[in-house]
Amino acid sequence: MSTTQTAGTESHLRCIGCDATPDSAGQDFRCTQCGDLFEFVFPAWTFDPTSLKALWLNRRTSFGQSSVGQSPGGQSPVGRTSVGQSSAGKSASKVPGNRLDRSGVWRFRELLPHIPEEHAITMGEGNTPLYHLQSCARKVGVENLYAKHQGMNPTASFKDTGMTFASSSAHQGGFRWVACASTGNTSASMAAYAARGNMHSLVLIPEGKISWGKLSQSLDYGALTCQLRTDFDGCVRILNELVRQKPVYLLNSVNPYRIEGQKTAAIELLEQLGWEAPDHIIVPGGNLGNSSAIGKALLEMHELKLISRLPKLSIIQAEGANPFYRSVREFGGTKLEPMTADTLATAIRIGNPASWKKALRALRATGGEVEQVSEVEIAEAKAEIGADGIGCEPASAVTLAGLKKLRARGFVKPGEMVVLILTGHLLKDPDFTIKFHRGDLFTGTPEERHAVQAKSLQRAPIVLDADLGAVIAALDGAETNPE
Ligand code: F0G
């Protein structure tokens with residue numbers, strides 16, 4: 001086992017549909033024989049679980065610096081003719097220690113495909129906190145409720161764990177341009193990592209349907225940002241055509257490097273739990289890359305005997321964007337009917353999820369469940385996570401809303417340990433939060449009449465004269481009326 005020079009281990013691609021094992025994937029990361037997606041497999045894995053765990057923990061305490069290019073002369077080996085060479089990989093770190101070791105993704109590189117170290121673009125991603133959700137736990141009626149907050153990544157969403165790895169693969173391929181279709185977080189993350197790796201980025205987002213926070217990130221990180229008059233699924237269609245015509249590297253989660261990087265969230269979670277598996281892990285479902293990644297990590301850790309039992313992985317969708325829920329519940333997972341999606345949780349406003357077959361496999365293999373939750377249930381759950389002092393963006397809150405339903409159905413039992421994967425930071429979508437607390441999130445929508453149930457969670461700002469007496473009266477009022 002190499003600890004410094006090698007980033008990752010031997011692997012090859014395999015199609016999840018027809019088992020084809022091509023040497024490389026095409027520009028659109030679809031199998032040329034059957035059109036399905038690829039995944040990485042690792043035929044040569046033989047690890048001693050105890051020494052692997054010790055190695056990973058040891059790396060975490062290293063002081064390596066998180067910049068691009070430790071090794072001088074790290075030029076991209078494979079120039080894609082018309083796009084030229086990237087100039088990253090030339091600056092040498094002056095800080096001793098392996099810069100990859102501090103990353104919560106690259107630290108686990110034994111379970112990732114090999115990418116030469118000089119191509120690694122890292123910002124010290126991963127290493128995200130695990131919080132006990134005390135008041136949410138009481139409300140839901142489970143004692144051991146935790147949140148793994150992936151919103152605490154460098155660009156404030158879980159996307160960074162996949163993006164560090166997949167953008168490095170673009171760098172290795174010598175690409176000058178990377179691109180994605182996005183509901184906002186992928187684009188923010190991609191734009192940042194492209195900038196760190198001296199690559200250009202092209203973002204396709206649905207016009208008017210992403211939060212300002214996310215849009216502002218991709219602008220600031222220097223992406224060419226195109227707001228298309230369509231939805232996320234429409235952006236994906238255009239991008240798929242584009243990558244067949246132009247030498248740009250696709251960074252959506254159909255790219256199997258994204259999935260590999262995102263696996264590490266589950267590995268790190270299990271490490272934080274002392275390698276004792278929780279009973280349940282609950283994730284939001286949009287394009288279904290994240291559930292696929294976490295499921296893959298769980299199965300691989302189980303196979304490698306890093307954990308002795310599998311947690312159940314459950315996937316929650318918004319009612320207005322529920323193609324996977326319907327696939328499982330109505331069609332037994334035999335097919336997925338694309339739909340026109342609509343939800344205020346714009347991150348998961350997706351009607352044709354690319355990775356649904358991978359997610360289905362994870363669901364089945366771990367014995368998890370699917371649920372759907374309403375707009376008001378999402379808003380309530382988000383405020384409850386906020387009231388625990390943690391906070392998250394709307395799409396992440398479907399996890400708590402879904403847990404309530406799984407608990408009510410008896411699928412989750414009071415004594416069981418549950419981990420919610422919070423995918424994005426509260427500040428990603430402040431508009432949603434402010435409207436909710438002011439009481440006008442649902443004004444003029446069909447949900448308006450259900451919204452009264454969320455009233456007790458609302459904390460509208462109080463506008464007062466600059467007068468001490470008025471502030472004291474507000475304080476006294478809150479004291480006598482704490483809810
Ligand atoms: N939560 C957040 C905050 C997201 O941004 C996304 C997806 C999801 C959950 C769903 O994850 O797609 O892997 O099932 N956002 C993508 C984007 C689609 O473009 O930012 P998934």
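This model, with +1 at the C-beta of Lys and Arg and -1 at the C-beta of Asp and Glu, gives the range 125-217 a dipole about its Cα centre of some 100 debye. In the context of the full set of protein chains, residues of the range 137-277 present 32 Å² of accessible surface per residue (probe radius 1.4 Å, heavy atoms only).
The largest accessible area among LEU224, LEU468, LEU269, LEU426 belongs to the first residue in LEU468, LEU224, LEU426, LEU269, and the rest follow in falling order (1.4 Å probe, all chains). So, with a 1.4 angstrom probe, what is the percent of accessible area on the chain that is carbon and sulfur? Looking at the chain in its full context, I get 51 percent from C and S.
Taking θ as phi - 60° and the Karplus parameters 6.51, -1.76 and 1.60, the scalar couplings of the range 398-415 work out to 4, 5, 5, 4, x, 4, 4, 6, 5, 5, 4, 7, x, 5, 9, 9, x, x Hz in sequence order, x denoting glycine and proline. Contact order for the chain, expressed relative to its length and based on alpha carbon pairs under 8 Å spaced 6+ residues apart, stands at 14 percent. Stokes-Einstein, applied to the Kirkwood radius of the chain over Cα pairs at a viscosity of 1.306 mPa s and 10 °C, places its translational diffusion at 69 µm² s⁻¹. Note on HIS450 and THR32: the model spin-label points, each 7 Å out from Cα along the C-beta direction, lie 4.8 nm apart.
Entry note, the chain: the mean residue ellipticity at 222 nm calculated from DSSP H runs of n ≥ 4, each adding -39500 (n - 2.57), is -11000 deg cm²/dmol after division by the residues and rounding to the nearest 500.
Note: relative contact order over the range 183-307, using C-alpha pairs below 8 Å and six or more positions apart, is 19 percent. With an a/c value of 1.5 or above and a/b not larger than b/c for the gyration tensor axes a ≥ b ≥ c computed over the alpha-carbon atoms, the range 188-344 is described as oblate. Packing-based ranking of 341-349, 289-297 yields 289-297, 341-349, ordered from highest to lowest mean Cβ neighbour count within 10 Å.
Ordering 240-248, 132-140 by mean Cβ neighbour count within 10 Å, with the highest value first, yields 132-140, 240-248. Most tightly packed first, judged by the mean number of other beta-carbon atoms within 10 Å of their residues, the peptides 100-113, 432-445 read 100-113, 432-445. Under a model in which nothing but the beta-carbon of Lys, Arg (+1) and Asp, Glu (-1) is charged, the chain shows a dipole of about 1000 debye around its Cα centre.
Using all pairs of distinct alpha-carbon atoms, the Kirkwood hydrodynamic radius of the range 337-388 works out to 13.2 angstrom. Applying a 4.7 Å Cβ-Cβ cutoff to the chain leaves CYS136, CYS180, CYS226, CYS235, CYS392 as cysteine residues with no disulfide-compatible partner. Under the rule a/c < 1.5 gives rounded, and otherwise a/b versus b/c splits prolate from oblate, where does the range 85-241 land using the Cα gyration tensor? Taking the square roots of the gyration eigenvalues as a ≥ b ≥ c, the range 85-241 is oblate.
Taking all pairs of distinct Cα atoms, average 1/r, flip it, and tell me the Kirkwood hydrodynamic radius of the range 123-173 in Å to one decimal place.
Every distinct Cα pair counted, the radius reaches 12.7 Å.
Note on the range 397-483: the C-alpha convex hull projects to 9.0 nm² when averaged across all orientations. Stokes-Einstein diffusion for the range 159-274, with the hydrodynamic radius set to the Kirkwood value over Cα pairs and evaluated at 37 °C in a medium of 0.692 mPa s, equals 231 µm²/s. Identify, among VAL463, LEU269, LEU400, the residue whose Cα sits farthest towards the positive end of the charge dipole of the chain, taking +1 on the Cβ of Lys and Arg and -1 on the Cβ of Asp and Glu, with the dipole about the Cα centre. Most positive-ward Cα: LEU269. Under 5 Å from the amide H of TRP177 lie the amide H atoms of HIS200, TYR249, each residue being 5 or more positions distant or on a separate chain, with H modelled from the backbone and absent for Pro and chain starts. The orientation-averaged projection of the convex hull spanning the C-alpha atoms of the range 261-415 amounts to 9.0 square nanometres. Summarising the label geometry, the points placed 7 Å from Cα in the beta-carbon direction at LEU224 and ARG326 lie 3.6 nm from one another.
With a 1.4 Å probe rolled over the protein heavy atoms of all chains, the accessible area of PHE175, PHE47 falls in the order PHE47, PHE175, largest first.
Of GLU384, GLU377, which has the most accessible area with a 1.4 Å probe, and how do the rest follow in descending order? It would help to have the intermediate numbers written out before the result.
Working: GLU384 20, GLU377 50 Å².
If we order GLU384, GLU377 from most to least accessible, we get GLU377, GLU384.
Rolling a 1.4 Å probe across the protein heavy atoms gives the range 7-58 an accessible surface of 52 Å² per residue. Over all orientations, the range 338-483 has a Cα convex hull whose mean projected area works out to 11.7 square nanometres. Solvent-accessible area per residue in the range 287-402 equals 30 Å², computed with a 1.4 angstrom probe and all protein chains kept. Have a look at PHE331, ALA379, ILE390 and report the one farthest towards the positive end of the charge dipole of the range 326-426, computed about the Cα centre with Cβ charges (Lys/Arg +1, Asp/Glu -1). The one lying farthest along the dipole's positive direction is PHE331.
The values are calculated or read from the model by the stated rules, or taken from the named source; none is laboratory data. Remember, predicted model here, so these are calculated numbers, not experimental data. Don't worry about glycine lacking a Cβ; one is built from the backbone with ideal geometry, like all the others, and counts go over all protein chains shown. All accessible areas refer to the heavy atoms of the entire protein, side chains included, with ligands and DNA or RNA removed. Shrake-Rupley method; radii C 1.70, N 1.55, O 1.52, S 1.80 Å.
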